[in-house]
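See below for the structure under consideration.
Derivation of every value follows stated rules applied to the coordinates shown; laboratory data play no part. As the structure is a computational prediction, the values presented were derived from the model and not from experiment.
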């Protein structure tokens, strides 16, 4: 691991350096905290036909909920999402078929049709994580901004072109352990 410039080793920062609204509850953390919690909230698969893909997963025994041509499957503490591949690429700020990043440090094969999401508890935390990723060498492909679903999110690619969305989504609540819970979406 590399250290954050002028910060402690291992990509950590002092508790006092974190914005008050992004801090954990009193008594929950002391010393150093990670810049980005070590968890994945959602894995979004860009698919050619959402209905066909949903039927496939349901034949495997999965139970999904659809909202606006997007299917959500609760998968333990993570959510698997099916969304149109072209829409996912556009949402990530990447032209499908183009290199995801100009990095020469690793492979940049282009958009792979998969996006990982890390949900956070506040808008300020989105900004903090995106800035930390950029300092670490990530390429920001979509700066943090308001989203169509009423949240706030930004997207970056890592050194090998893997897509990460950092999002504050008030519609997807957190469990006590930081996992995401898909509420009843009221869809078919």
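The mean sequence separation of alpha-carbon pairs under 8 Å and at least six residues apart, normalised by the residue count of the stretch 40-168, gives a relative contact order of 25 percent. Distance from the alpha carbon centroid of the stretch 126-188 to that of the stretch 61-96 works out to 13 angstrom.
Extension gain, residue 74-residue 160: 0.36 nm per intervening residue step, less the Cα-Cα distance, totals 28.2 nm. Of the beta bridges DSSP finds with both residues in the stretch 40-168, what % are antiparallel, to the nearest 5? Beta bridges within the stretch 40-168, antiparallel portion: roughly 70 percent. In Å, the Kirkwood hydrodynamic radius of the stretch 40-168 over pairs of distinct alpha carbons? Its Kirkwood hydrodynamic radius stands at 15.1 Å.
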